[in-house]
Amino acid sequence: MTIDLPQSFWLYFIFFVLLLVDGAWCMLATYNLLRMLIGIEILMKSVTFILIVAGYLAHRMALAQAMVITVIVIEVVVVVVAAGVILGFFRAHNSLNVRHTRNLKG
Amino acid sequence: MTIMTILLVLLVLAALWASLTTLLLRAAIGLALTSAILAVVMYALGAPIAAVLELSVCAGLISVVFVSVISLTHRRPFQYYIDLRKNRLSRFWPLPIVLIALGIVLSFIHAPIQVALPVPGAEGDVRVVMWNLRQLDLFGQILILLAGVIGVLVLFKKETKDDN
């Protein structure tokens with residue numbers, strides 16, 4: 001089945017791209033590990049948003065919601081484990097600067 | 001301008017604030033705000049269950065985790081944040097300009113898109129999809145949660161002499 005996407009798709013797509021660029025910039029332009037995690041979170045928000053929009057436009061909202069629930073569960077685990085890693089890093093180096101990761105053991 | 005457009009603008013503004021603000025606590029609040037607005041957008045698009053999960057888990061639980069981590073890392077002297085703001089400004093000032101320019105450029109593109117979609121099945125409710133059609137996803141979620149628990153336990157394990 002082939003469908004023509006409605007004009008409203010562009011509205012959603014524009015904001016998806018803006019969120020994606022915002023998250024990527026937040027990750028790339030900082031040296032703070034916690035702020036990088038916030039950038040990853042913004043990127044995941046954009047992915048969640050476009051999944052819901054895809055389900056809405058394709059009239060398959062149940063499937064889209066099931067996938068978004070999976071994404072949210074993975075997001076939580078990523079954040080909790082990354083927060084643990086960041087705390088361990090802070091205790092070892094007394095800093096959140098990503099440049100200090102060069103001094104890691106191993 | 002429809003309500004949906006206003007919500008989407010607020011969504012990007014909240015995410016932008018989370019990226020630009022100097023204090024980490026404000027960034028965490030900005031992220032929670034982004035999640036809350038995204039939950040409203042999801043509800044408006046007809047995804048109430050995902051919206052509730054987004055609001056409770058992403059805006060609630062993840063914010064608590066962020067605030068806990070920020071509180072467990074030490075606070076710097078006030079002068080440090082003033083210096084940091086100047087330093088950050090040099091790296092982050094192009095971001096709002098890039099976003100506005102990108103939004104304007106993309107808003108002028110109205111190319112017709114045709115997408116091939118599979119035939120919609122008799123999915124019905126999200127609970128039917130989760131428990132009957134996407135059981136492998138549930139299995140994966142359980143495994144990932146267990147991996148997360150084990151990861152956190154390993155990270156916070158007390159170090160003994162034998163570890164070295």
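Quick note: the coordinates plus some simple rules give every number you see, no bench work behind them. Quantities reported herein were computed from a predicted structural model and do not represent experimental measurements. Methodologically, a virtual Cβ is constructed for each residue, glycine included, from the backbone with ideal geometry; neighbour enumeration extends over all protein chains shown.
Among the residues making up region B:53-79, a single one is part of a helix (DSSP H, G or I), more than 10 Å from chain A (Cβ to nearest Cβ) and within 17 Å of A:Asn97 (Cα to Cα): B:Ser71.
Every condition in (1) within 7 Å of chain B (Cβ to nearest Cβ); (2) touching an Asp or Glu at 6+ places or on another chain (Cβ under 8 Å) is met by A:Met67 except one, and the failing one is (1). Within region B:3-24, the set of residues being surrounded by fewer than 19 Cβ atoms within 10 Å (Cβ to Cβ) and within 19 Å of A:Ile52 (Cα to Cα) comprises B:Ile3, B:Met4, B:Thr5, B:Ile6, B:Leu7, B:Val9, B:Leu10. Criterion applied to B:Ala44, B:Ala27 was being surrounded by 20 or more Cβ atoms within 10 Å (Cβ to Cβ) and either closer than 30 Å to A:His59 by Cβ or under 15 Å from the mean Cα position of the chain (by Cα) (or both), and the one residue passing it is B:Ala27.
Yes/no matrix, rows are residues, columns are (1) part of a helix (DSSP H, G or I); (2) closer than 22 Å to B:Leu23 by Cβ:
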{"site": "A:Trp25", "(1), (2)": "yes, yes"}
{"site": "A:Thr30", "(1), (2)": "no, yes"}
{"site": "A:Ser46", "(1), (2)": "yes, no"}
{"site": "A:Met67", "(1), (2)": "yes, no"}
{"site": "A:Val80", "(1), (2)": "yes, no"}
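What tally of residues in region B:88-99 results from selecting those that are loosely packed, with under 12 Cβ neighbours inside 10 Å and part of a helix (DSSP H, G or I)? Counting residues in region B:88-99 that are loosely packed, with under 12 Cβ neighbours inside 10 Å and part of a helix (DSSP H, G or I) gives 3. Residues in region B:32-41 that are surrounded by 21 or more Cβ atoms within 10 Å (Cβ to Cβ) and free of Cβ contacts under 8 Å to residues at least 24 places away in the same chain were compared, and the one that is nearest to the other protein chains (Cβ to nearest Cβ) is B:Thr34.
Residue by residue through region B:85-107, note down the ones that are among the β-branched types (Val, Ile, Thr) and either over 23 Å from A:Leu11 (Cα atoms) or at the interface with chain A (Cβ under 10 Å from one of its Cβ atoms) (or both).
Kept after step one, since they are among the β-branched types (Val, Ile, Thr), are these residues of region B:85-107: B:97-98, B:100, B:104-105.
Within region B:85-107, B:Val98, B:Ile100, B:Ile104, B:Val105 meet the criteria.
Pick from region B:1-24 the residues that are without any contact (Cβ under 8 Å) to a residue 24 or more places away in the chain and part of a helix (DSSP H, G or I): which of them is nearest to the chain's Cα centre (by Cα)? Top of the filtered list is B:Ala15. Pairing residues of region A:23-42 that are more than 7 Å from every other protein chain (Cβ to nearest Cβ) with residues that are among the charged types (D, E, K, R), at Cβ distances under 7 Å and at least 6 apart in sequence or on separate chains, gives A:Tyr31/A:Arg99. Per the listing B:Ile82, B:Ile29, B:Ile49, the residue uniquely more than 21 Å from B:Ile100 (Cα to Cα), part of a helix (DSSP H, G or I) and within 8 Å of chain A (Cβ to nearest Cβ) is B:Ile49.
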